[in-house]
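Chemist: Once you've had a glance at the structure underneath, I'll fire off some questions.
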Amino acid sequence: MKILHLEDNLTDAMLVRELLTKEWPDCEIDAVSTREAFLQGLTRRQHDIILSDFTLGGFDGYTALQLAQEHSPTTPFVFLSGTIGEEQAIAAVRAGAADYVIKDRMKRLITAIHRAVREAREQKKREAAEAALRASEQNYRTLFDQANDGICIIGPDGRLLDVNARGCEMLGYPRAEFLGRNFAEFIVP
C-alpha cells in the first residue's frame, strides 16, 4: 500500500503513521506538509490513496483535493481532519473526496481506507471492462461493415435487426428498408 499523507501537524502525522503501519506493516507512507511537497508526491509516483488534513498552513484541503484530481484523478482522496464540519465534509465528498474522517474518531480511518481503495479498484475494473467492450464492439462493427459477404442479423421473431452494406447491395434495398421487416419477405419462393 502506497499512501500520500498531507499533514502539517507532526504529532498527528506520527499518530496516523502508527495506525497505518499496524494495519499494513509494509505500507509506504510519503508524509508531506507543504503544497510544493504535496505536488512532488503527486507527480513522483502513483499512490493507492491520498490522506489530507482539511486545514493546512499555506493552503487548504479543497485546494489539495483539486490538485489531486488534476494530477492523480483515479487515486481515492480521504480527508482526515479535526476541524472539518458536517457541511464542509458533505461539500468535500460532493467535490470528489472518497470520504472524510474526524481525527477524534481515528479508528474509522482504516475502514475508510479499505472502502475507498476497494471502490477505486472496482471502478478501474469497470472502466477496463467498458474499454474492452467498446474495443470489441468496434472490432465487430468493422468486421461486419467491411465484410465481402452479405450479413444479416435476425431476431428470434424473424425481424431484421441489422444488415451490412454488402447485404443491402446484394438484395438491392437501402438499409433503412430492411430493418424491422421480417426476413421471410426477402426470400424468393
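Chemist: Across every pair of different alpha-carbon atoms, what Kirkwood hydrodynamic radius in Å does the range 88-189 reach?
Modeler: Computed over Cα pairs of the range 88-189, the Kirkwood hydrodynamic radius comes out at 18.4 Å.
Chemist: With unit charges on the beta carbons (Lys and Arg positive, Asp and Glu negative) and the dipole taken about the Cα centre of the chain, which residue among Asn182, Gly41, Ala97 sits farthest to the positive side?
Modeler: Asn182
Chemist: Can you give the Rg to Rh ratio of the chain, both from alpha-carbon atoms, with Rh computed by the Kirkwood formula?
Modeler: Checking Rg against Rh, the ratio lands at 1.34.
Chemist: Here is a follow-up. Using a probe radius of 1.4 Å on heavy atoms only, what accessible surface per residue do you get for the range 11-130? Whole Å² is fine.
Modeler: 56 Å²
Chemist: Same structure again: In whole percent, and with a 1.4 Å probe on the protein chains, what portion of the accessible area of the chain is carbon and sulfur?
Modeler: Whole-percent figure for carbon plus sulfur exposure: 52.
Chemist: Place a point 7 Å from the Cα of Arg94 along the Cα-to-Cβ direction; which residues of the range 54-68 have their backbone N under 16 Å from it?
Modeler: Under cut-off, by backbone N: 62.
Chemist: Please identify the trypsin sites (Lys or Arg not before Pro) of the range 106-176 that satisfy two criteria: DSSP loop assignment and at most 10 other Cβ atoms within 10 Å. Which are they?
Modeler: Hits after loop and neighbour filter: Lys107.
Chemist: Still on this structure, I have one more. Once the Cα atoms of helix 108-146 and of the chain are each reduced to a long axis, what angle between those two axes, in degrees from 0 to 90 to the nearest 10, is obtained?
Modeler: Compared with the principal axis, the helix lies near 20 degrees.
Chemist: Add -39500 (n - 2.57) for each DSSP H run of 4 or more in the chain, then divide by its residues: what number comes out at 222 nm, to the nearest 500 deg cm²/dmol?
Modeler: On the way: 7 runs with 94 residues, N = 189.
One gets -16000 deg cm²/dmol as the mean residue ellipticity at 222 nm.
Chemist: While we're here: For Leu19 and Phe144, what does the FRET efficiency come to when R0 = 45 Å and r is the distance between their Cβ atoms, rounded to the nearest 0.05?
Modeler: FRET efficiency, Leu19 to Phe144: 0.20.
Chemist: Please compute the length gained on full extension between Ile110 and Glu122, using 0.36 nm multiplied by the number of residues separating them and subtracting their Cα-Cα distance.
Modeler: 2.5 nm
Chemist: Using the Cα centre of the chain as the reference point, and only Cβ charges (+1 on K/R, -1 on D/E), how large is the resulting charge dipole? Debye, rounded to the nearest 20.
Modeler: It comes to approximately 300 debye.
Chemist: Excluding residues fewer than 8 places away in the same chain, name every one of the lysines whose C-alpha is closer than 20 Å to that of Lys107.
Modeler: Lys2, Lys22
The values are calculated or read from the model by the stated rules, or taken from the named source; none is laboratory data. This one's a predicted model, so the numbers in the text were calculated from it and none came from an experiment. For neighbour counting, all protein chains shown are included, and Cβ atoms are generated from backbone atoms with ideal geometry for every residue, glycine included. SASA here: full protein model, heavy atoms, side chains in, ligands and nucleic acids out. Shrake-Rupley method; radii C 1.70, N 1.55, O 1.52, S 1.80 Å.
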